[in-house]
Each structure stands twice: as structure tokens, then as C-alpha cells.
Amino acid sequence: MKLAPLNTVGNAHDDSVWTAAWVPATDESPPLLLTGSLDETVRLWNPDGPQKLQTNTGHCLGVVSVAAHPSGRIAASASIDSFIRVFDVSTNNTIATLEAPPSEVWQLQFNPQGTTLAAAGGGSASVKLWDTAQWQLTATLSVPRLEGLKPSEKTGSKKFVLSVAWSPDGRQIACGSMDGTISIFDVTRAKFLHHLEGHNMPVRSLVYSSAPLDARVLFSASDDGHIHVYDTEGKTLISSLSGHSGWVLSVDVSPDGMAIATGSSDRTVRLWDLKMRAATQILTGHTDQVWSVAFGPSLKTDVRSCLLASVSDDKSLSIYKYS
Amino acid sequence: MACIYIPVQNSEEVVQVALDQLPLDATDIINILKAEQAPLDLWLTIAREYFKQGKLEQFRQILEEGSSPEVDEYFADVRYERIAILNALGAYYSYLGKIETKQGEKEEHFLTASHYYNKASKIDTREPSTWIGKGQLLLAKGDIDQALNAFKIVLDEDGDNVPALLGQACIYFSRGQYSDSLELHKRALQVYPQCPAALDPENVEALVALGISDLQTNEANGIRSGMEKMQRAFEIYPYCAMSLNYLANHFFFTGQHFLVEQLTETALSATSHGPTKSHSFYNLARSYHSKGGYEKAGRYYLASIQEVNKPQEFVLPYYGLGQVQMKMGDLRSASSNFEKVLEVQPENCETLKVLGHIYVQLEQKERAKQLLKKATKVNPQDPKAFLDLGELLISTDECAALDAFETAHNLLKMGNEEVPIELLNNIGVLHFERGEFELAREMFMEALGDGVWSNFIDSKTQSSFKIVAQSNLFNRAQYPTGISSSLRQHTELRLFHQLEEQGISVELPWDKVSSLFNLARVLEKMHDSEAASILYHLILFKYPDYTDACLRLASIARAQNNIQLSLKLIGDALKVDEKCPDALLMLGDLKLKSDYWVRAKDIFLRAKEATDWQDSYATVCLGNWNFEAANHNEEKDSKLEATHYQKAKGLYTKVLLQQPDNLYAANGAGMVFAEKGHFDVAMELFTQVQEAVSGSSNVQMPDIWINLAHVHFAQGNFALAVKMYQNCLQKFYYNTESELLLYIARTHYEAEQWKDCKKSLLRAIHLSPSNYTFRFNVGVAMQKFSSSTLQKTKRSVDEEQWKRSMSATKRKNKLHTEDESGQGEKKRRKGDKRKKGKKICYESEEAEAAVGAQEEMKHVDATCKYQMNGIEDQVKNNPQDFLAATGLEDSDAEDNAAAPSSSAKGRRLALSESDEEEPMNVGGAVEDEK
């Protein structure tokens, strides 16, 4: 397995790029890439080129998360001002504006079925679920306190929920907090299942494995510099990958489930071979924190290959070919 | 049959004398010679014949008669023959003197000999053979310099005079100038190719001399034939001390010590010649030395030295004595003896090394360095010399030490010799200190060789150790269970037990523990803390008392913010050694981090006691503690504050007195000065520390940059301050330290760069979204921005409060117990442990803020209230935060700290700072408190 750098857009945004997500292909358009930045805009890119298709404004303060609906037609973006903007990808028409109390929105994720948008609820210590038909808040999955903690221990604000991920079947949600705990929820019953322990520093990114047999495997990226591999059913830590010298800010799994890519504040993008449990490639193209890495859908020309995008505080966007 | 014919006077007849039938009584012959007035050469011939037949008395009689006054008178003009006779007599008496052992008679013989030679000289002062004879005589008397003169007179006259050449060669030989001696021998041979010594196979001296010459060739053949000659000499004349010595020498090397002693004792009784005796004593001493009888050996070496007096003449016993003294622990005497060896042989590599060693032990590092450097120059192929040099340099000049070690390593490798683990370990450590982690890793791996650890380091083979997992539902092959995670789950060391149960031997030889520990340190530095912690666990599995491994694990846990685990591990270490200062210091640091102030102080005090009050780190920690206590002084008791500052300053000063180059204490002292408003002094201190730090590759001290920036900020150099904060942020924190972003924002705010201020705060929020202080501040900045756009220049209370909340944040200091706690071990030498002080943020701006507050207090308006309420809303979710915020045990955590609590506290502090006469402010603060 290998990552081959294809293109880099130097000043993809006017300021730090903080988030990126692939928009699946539709009948009219190939897969596209969405990026969000401190410059308060969301931009849409055709990876060929790469060519900037659109610049969406409308957010105040920096854009912390973008997410695309599986249909490829709708996308959502969230910013520090706690507004979620849902918009039509091709026209940029606003479909809905979802408001939350200050600091109660962080990462966004549509479920694989496209029926629900999950938003990491920040200071509310919960995950908010919005239905995508009416754009109504349907559920709040609250993270319970860890047992055994005395109320006097000031963990409250540390429960700030940063990251969220759906299991491939859409039945489970995992969310990560500032204090390092990962909470697993049963979505259908809207019920908290258990915590996954191992991190003690903010968990900024989570992703479930995409390989068919491994749907219960969860990858987590944390400020402690480690990537953990969990069995969400067995509640066990399968392995822990170290190597980044800074915070691990983002993790994504390849479509074939054989590899994960990570982005870190140490300015590198790493490709990890899961069988070898080691980083097989370290890309040093960025000059500042790499806030997001995202695998795109398989290429039409070569089904065993796909694109990987990375965005960074250095304002740039890079595209690689994974094969 | 050889005959001589004595011509009968006044006739043609002759008297025939058969040389082998010379009469026993020489009187007949003398009578004939006298009667016939035979030419003097016949006298000589007959005398020589007697001599050859061993009839010395007859020989003497004839010659004495031949030199009697009547004969002299008769043959007055036959000069040469007369001289020859006198010389022959001189030589005879010289010989007698030489072989005579009784001192009195010996001198008498010599006197007679010189009498004859003088007589000969009177006949002709320039006759070379007389001079040669004199030379021989002087030589026999041991008067070497005069002997040399005598030979020189002859050679000046005739450069090819063989006996003179040989005589001089002999002198050079006895002085040890073998090459000169050999040169003269060669010249003699060129002139007179029939080697004269060979003329008489029974000549003991000749045999000995030739033997020595052979031995000096230092070739196996030469040595053998030399020894054969010595043996023959011994058989002919068993009391020749010289040959006895050489034979003893030979048997010393063959290990027959009994023979050595016998031979040398005989030699000692057979001679009174100083140098020879010295040699004999030396042989005896050496024999005892090699058998381990150091005391006896020392005595004999001393006796040997006393015989020669001058080390130039025979240096070996000095060396031997030095060795023995070193063995007996008398380093000073040993060093003076070795120094004497060096005076004679300044390039002797062994002596240079030994002496270097001694000086290291005597703490005379400079002299030691000088000697060892010379040793490496003299013999650049000797790995041992480089090894010694490297070990000496390791504490002073790491670069040079590394060079020396690597040379030693290469030499050993080239020579296919076994490279000692310590050497590899030391090279690794030096690479480590220079930040060359990959090289260091390779070295440690080479030092370790193969073992059970190999399986943990190389991720490719690691998967072969699959632990039977609890669940098999998912595609296990895809995710081989990491050893580290199973360690984590079992926390204990069950993994290794399991491996043993599986029949895999888990061995860790003691001499490899240090290297393994160091390898783990490197892996940590290379950010592979997983592999590192497995190795630490392995060490603990085999050696549970190895507290350093335990503390490193605690440090790893701490770096991952796993405070509980870290505490447990430190506890484990303290169970092994309850006074372990490193463990105590880490514990104190952790307690401070968790805001257990009083306990932290107790622990620092304990650590200080445990190190007999010598540990500067503990002292700096206490200084920092006092500094923080002054800043966290809730009651705003200015007396208490001053006391704490005073104490802090005292502690820093104390450390600086002991170690003027302690960066952390200097930094601390700078902090106190800055707090008191002495910015110039503070700046001077910080700048010096910064210069020192940037010159060192392995000290990382971001705090100094921050403090410098703070001073710039306080002095109004905003641009410079921002630049410094940013450099620090980028250089040390990968731009992830939100607190620094807050400082930057604060500076931009002061400089009225609103956009930059806002951007910095937004970045801070993005890094620490749960810290609400940042959000509050963004609000203030934006408001200020808009009001400035509208050209409203008045400052709002809000703004003041923000300032205060900022200063509250700034007050938060961090104490890092850096990872260094384990490093002392690495080298197996006590290096100065690197002490990590802490960052000090002093709030220079506090005073201004208070002044501002007094001026602008009236401008409390609705907008500002709203802002505050907004914050309060969020605060209400976690009411307990306020309780926590009130005590001394205040939030000190820099990133994930409860933001409301800190801003609330900020206000509280601000309140107590500003005058009591400001009721509005008080009210606002109380409101917050609820």
C-alpha cells in the first residue's frame, strides 16, 4: 500500500484549513471535496486540478466541521458560533440553519443511511441527532459521568464532546471527549452502552472500520499522540499505535479497511498498515498542523485505488492517490 | 708444528723453540732470550703462546722481564715492540682487575694496568693501541665517559681502527644506544670482516655481548641464538652476572620462576656492578610481581632502583614499582614513578595510559586528558587508548568523547575484537545527548544483540507473539493484538508470564539492562512510547527494583495525562526506595498539577531531605512553589505575598550560589525580579538563560522565551513580544499551546490589532474548545473592535475584566518534571540531572489594569452585562466549579481547566486588587460567584 502525492493547492483558503470531507459522486458530478477554514468560508473542490468550484460564506467565526450526506447532494457545516448550516452542494442554497446554545456544536457526521445528522454537542456533553427530513432535533445522547468520580472533581467541562462517528450499519455512535473518554451509544434505543478507556487527553477524531467483517472496530486519534484500535463490542483496546510526535488530530480508514491515515500537529500525514501495526509512510508536505485527513470513494478507473485529502493550518490542501 | 727461531747472537744459527713444547719454567726461555738479545717481538710471541696455553704466570714473567729497565735500555730505539709488551701487560692486569671480585685487589690490578699503559704512553703518546688499552681499562673500571674519550682519540687519528670502533660500540651498547652501537659494529666489520669475537669461542664476554646483540634484534631466530649463546656463556663460566641475568630473563618469560630466583640470586652474589645488580633485582621483583607477591616485588623493584639511581639508565623497575604501587592503592607514589618512566620514554603508550588512569582517579583531569591524548597520538591503532580517552572526556567534552569512542569502536571492529557493551552503550548515550536518536538506537541495538526484546522492538516480528484474545468474532488476522494493549489491560506483567508459559524464554542479562533502558529512552524520544513501555515492563519483570524504569513508565503515563496510573507507578517506585528523590519530585509535581498545594510542598521538602539538601532541583521546585503561592495568594495579603517572593528568591539564589549555571534557578530569579517590576534585571537574566539554552542541543526550555516575551510585553514592545510568543509556540508546541495563543491575543489587544487578536483567540478556541475564557475574550475583542470602528474610545468595564481574566490565566504556571528523571542512569555516571524549572508568568500588567479600573468604572453599560450573563449561563451548568475556584486549591490546569472557574477567579482577584471603594466592581464579582 502506498500514498502517491498528486496535487497541492497552496492557498486553498485565506487562513488555516480546519476540516475536510468528501462528497460522494452523484449522477451529475464526480466525487467532490469540501473544506472549512478559520477564514469563515466553506469551499468546494473538484479533486481534478484541483479546481475550486464554490466558496460558501455565511458563517461567523471559524468553520470547525463539514459533513456530506451519502447522497452527495446535501452537506452541512458547523462553526465556532454554534450554528450548523445545511446546504445544497451544487447550488449552495441554504436548506436549514440549526442553532445550538454557545459552544454546543463541534464535529458533524451523517449516518450511512442518510436519515440522521449527528453533531458532537461540545459543552452539552452529548451528541445531538437531527433528522434530515424535517431538520428537527430527534435525540440527545448524553455522556454519563464516569463512575467513581466524586462530584468535586472538576470533570464537567472536560466532558466537552469533540468528535463523533457512526458505525457502518448506522446502529452505533461513538463520541470522543476532551478528557479522553470515548462513549458508545446504541442509536436505535437512544441508549448509552459503555465507555472505551485508554485515552486521557482530547479525542479529536474517531472512525469505524469500513471492512465488512470489522464493523465493530473503532479507531481513535488523541492529543496523547496515539491512535487506538478498539473492539467496541468487547470494550477492549486491541492495539495502540505510537509514532506521531504531536497531537493526532484526525484519523480515517481506507475503503478496503487495510490501512488508516492520520494527520497530526507534528505536520505529518502517516499511512499505517494495520497488519504490520506500523506507519509505512510518513508524508511531510505540510508545514503546519494537519487538521484533517479523509479517504475518498474508490476511483472509477481503478477500483482498488482511491484519493486521500489532507488539509492543514498552513492553508493548503493536498490530494494523494492511495493504492 | 709451529716453531719459533731465536737467532743466536753473532752467528747464523738459531735456537728452535717448539711452541707447543714450551718449558713449564719460563726462566730458561727468558735466559735464552736475554742471552741472545732476541728481538722483542719474539718475547711477545712466546708470552702470547704461554697465555694461549693458559700459563699466565709464565706469560707475566716473560713480559715483565721484557719490560725491565735493562731491556728497555738495550732496546731503547725499538719503540713499537716495547709499547706492545707494556700494553699486553696493561691488558693482562685490566683483565685481572675485571675478573677480580675482591675490591681491594681489583683496584690494585687496575692500578698496575694503568701504570703499564702510562709507561707505554711515555714511549709514544700517539700510539693507538695504548689508547685502546687505556679505553678498555677505563671501561673495565666503569669509567665510561673517559673510556669513550680514549677511543675517540684513536678514531680521530684513524677512523677505521677496529678495536676502537668495537670499544666505542661497546660503550654505546652499555648506554642502551643500540642502533649507534650496531652502526659501529657494522663499521668495524666492514673494515675487518673476520669477526674478532669469533676468534675465541670460549670468550664469555664476547658470547654475552653477541648474545645481547642477537636478543636485541627482537626476532624469534635472533632471540633463540642469543639465548643459546647465553647458555654457552653460562656453561663456560657460571658466575657471569650478565649472562645469569639474561638467562633469568628468559626463564621469566617461559614462566620458570624457580630458576629465575636461583639465577638472579647467583648473579647478585657474583657481581657488585650496580647496573647488573639492578637488573638482577628487577628480575627477582618481576618474578614476584607476576606471582602476585606485590609486597616483595615492590621491595625488589625499589632495590633495583636504588642500584641505578638514574631512571635514564634502567627505567623498567620504575614501571614495575609503579604497577605494584597502583595495585596496592598508592596512586600518588605510583604516579611519580610512572612520571619518571615518561621522562625517559615520553612516548611510551602503556605508561601514558596507566598514568592517565591514575590522574583520572586522582581527579587531575587536565593532566589525564593531556596524557591520554598523547597516547592516542603515539599509537593511533590502540583502541584501549581511545576508550580511556573517551571515558575521561565524557563528562567534559561530549563531542570529543564521541570521536574517541567511535575510533575505538572502529579499531575493535577492524581487529575483529569483541566490542564491549559499555562502549556501544556509551556511544549510544552520546548520540542520544546530541539528539541523534536513530544512531543512538542502532548503537543500543548492537549492544543488546539478539534476545527476547528483539521481538518487541521490531513491529514485523511482534505479531508473532499473539496473545490468545478473549473474543474471536472479528477478523483477528487483520488486527494482531498489540502487546502493549494487553499490557495495558493486565497492567501487571502477565504478558511475560504468558510468554514463558508458551515456552519462550524471557531472559535479560544484567549487563544489558542499561542498554535496554537506554534503548527504551531512545524509542520514547522517537515517539514510539508503546515499544518503550514494553521494554520498561520487561526490565521490571526481571528486575522489579529498577525504579528508573518504573519512573519512566510513570512519565509516559503522565505525558498521556493518565494521572492515576502515573501516581500508582510512582508509588511502586517509592515502595522500592521510599527516599528515591526522583520519585518524590515527580510525585510533588503531580500533586501540584492536581492542585494539592500543601502536599506538594511537603513532598518537595521530603525530596530535599532525601538528597541531604543538596539537590538543586528540589530547591528550585520549592522556589517555584513559593512563587506560585505568592501569585495564588487569595487573600491578597501583601505581606504574605512579599514573604513568598522573598522565600522564592532566597531559594533560587541558594541554588545559583552552588551552581552558577543553573538555568532554572536563574530563570526563577528573573521571575521574581520581573514580579517586582525590575524589568531590566529580569531581562538581563532571561537573555542570558536564553543564550545558554540555545547553545545546548538537548535542553529545551520554552519558558524562557515566554518570560522574555512577557518582559517585552510589559515594556510595550508588542511586536517583539508577539514574535517571541509565536516562535516559542512553533518551536516547542507545534502551535498547539492555547495558553500562548492567549498571550498573543492579549498582546495584539494591547496593540489594538483587533483582527489578529480575534484570530488568535479563535485558534485557541479551536485547540481548546472547552475553555470558555477564550470565548469570552473573543466577545470582548469583537466589541472593542466594533466600538473602535465607531470611534468610541472609551473603555468598558468589560474590557478591564477581560484583562483581569487574562492576567489570571497568565498567572498560571506550570511545573514540568521533565522526562529527565531517568537519564542519570543512562551513563552509569552521575551526571548533573537536568532540572526543569517552570514557567513564570508574572503579571506585569496587573497594576495598569487596576489603575484602568479605577478610572473607567463608571462605564458599566447594558452590553457588558449581557456578555457577563452569557458566560454565567454556561457557568451554571457546573456550579461546583465555583466552589473549587474559591480555595487555595485552585485550578491550575492550563488547557482543560474549568474556564468559568478561572474567569470567575480572575474577577475575584481583580476585585481584591482594585480598591475597596469601588462598589460596582465588588457587586459584579459577587454576582459571578453565585
Would you rank A:Arg277, B:Arg299 by solvent-accessible area, highest first, keeping every protein chain in place and using a 1.4 Å probe?
B:Arg299, A:Arg277
Of B:Lys365/B:Lys512; B:Lys106/B:Lys134; B:Lys296/B:Lys384, which pairs sit farther than 21 Å apart, going by alpha carbon to alpha carbon?
B:Lys365/B:Lys512; B:Lys296/B:Lys384
Averaging 1/r across every pair of distinct alpha carbons in the stretch B:650-783 and inverting yields a Kirkwood hydrodynamic radius, in angstrom, of 15.7
Between B:Met782 and B:Val699, 0.36 nm times their residue separation minus their Cα-Cα distance comes to what?
25.9 nm
Given 0.36 nm per residue, what is the gain on full extension from B:Ser454 to B:Asp511 after removing their alpha carbon distance, in nm?
18.9 nm
Between B:Gln658 and B:Lys34, what is 0.36 nm times their sequence separation minus the Cα-Cα distance? Round to one decimal in nm.
214.5 nm
Everything considered on the Cα gyration tensor (a ≥ b ≥ c; rounded for a/c under 1.5, else prolate if a/b is larger than b/c, else oblate), the stretch B:392-449 must be described as oblate
Per residue of B:138-149, other chain Cβ atoms within 10 Å number on average 0
Looks like chain A, by Cα gyration tensor root eigenvalues a ≥ b ≥ c and the a/c under 1.5 rounded cutoff (else prolate when a/b is bigger than b/c, oblate otherwise), is rounded
On the accessible surface of the stretch A:185-323, probed at 1.4 Å with all protein chains in place, carbon and sulfur together account for a percent value of 51
Here, A:Thr140 and B:Glu347, labelled 7 Å along Cα→Cβ, have an inter-label distance in nm of 9.1
Within a 10 angstrom radius of each residue's Cβ in B:555-562, how many Cβ atoms of other chains show up on average? Whole number is fine.
5
Expressed in nanometres to one decimal, the distance between label points 7 Å along Cα→Cβ at B:Val8 and B:Asp77 is 2.8
Given a Förster distance of 35 Å, report the FRET efficiency between B:Ala18 and B:Asp145 from their Cβ-Cβ distance, rounded to the nearest 0.05.
0.15
Just flag the GluC sites (Glu not before Pro) in the stretch B:596-671 sitting in loop per DSSP whose Cβ has no more than 16 other Cβ atoms within 10 Å.
B:Glu634, B:Glu635
In what sequence, largest accessible area first, do B:His279, B:His766, B:His678 appear using a 1.4 Å probe?
B:His678, B:His279, B:His766
Average other protein chain Cβ within 10 Å of Cβ, residues B:763-775
6
Counting only DSSP loop positions in the stretch B:309-362, the GluC sites (Glu not before Pro) whose Cβ has at most 13 other Cβ atoms within 10 Å are B:Glu347
Quick check: net charge around A:Ser312, other residues with Cβ under 12 Å of its Cβ, Lys/Arg +1 and Asp/Glu -1?
-3
With a ≥ b ≥ c taken as the square roots of the eigenvalues of the C-alpha gyration tensor of the stretch B:573-626, please select rounded if a/c is under 1.5 and otherwise prolate if a/b is larger than b/c or oblate if it is not?
oblate
Could you provide, to the nearest whole Å², the per residue accessible area of the stretch B:500-608 with probe 1.4 Å?
37
per DSSP, antiparallel bridges as share of beta bridges in the stretch A:3-124, % nearest 5, sits at 100
For B:Lys579 and B:Lys723, what does the FRET efficiency come to when R0 = 60 Å and r is the distance between their Cβ atoms, rounded to the nearest 0.05?
0.85
Normalised contact order of chain A, rounded percent, pairs of Cα under 8 Å and 6 or more residues apart:
15
Going through the cross-link list A:Lys128/A:Lys235; B:Lys731/B:Lys784; B:Lys369/B:Lys579; B:Lys141/B:Lys291; B:Lys229/B:Lys277, which pairs have a Cα-Cα distance over 29 Å in this structure?
B:Lys731/B:Lys784; B:Lys369/B:Lys579; B:Lys141/B:Lys291
Taking H placed 1.01 Å from N in the peptide plane, check which residues at least 5 places from A:Leu32 or on another chain put their amide H under 5 Å from its amide H.
A:Val23
Burial order of peptide ranges B:559-569, A:4-14, B:134-144, B:67-77 (average beta-carbon count within 10 Å, highest first):
B:134-144, B:559-569, A:4-14, B:67-77
Specify the residue with the greatest mean-square fluctuation among A:Ser298, A:Ser312, A:Ser209, computed from a Gaussian network of chain A linking alpha-carbon atoms under 10 Å apart.
A:Ser298
Let me check against my output: what whole-number percent is the relative contact order of the stretch B:686-768, with C-alpha pairs under 8 Å and at least 6 apart?
21
Please list, in order, the residues from the stretch A:159-175 whose amide nitrogen is less than 15 Å from a point placed 7 Å along the Cα→Cβ vector of A:Gln113.
A:166-173
Contact order normalised by residue count of the stretch B:511-582, Cα under 8 Å, 6+ apart, percent:
22
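The values are calculated or read from the model by the stated rules, or taken from the named source; none is laboratory data. None of the values given here were measured: they were computed from a predicted structure. Cβ atoms come from the backbone with ideal geometry, glycine included; neighbour counts cover every protein chain shown. Protein only, heavy atoms only, side chains kept; ligands, DNA and RNA dropped before computing areas. Shrake-Rupley method; radii C 1.70, N 1.55, O 1.52, S 1.80 Å.
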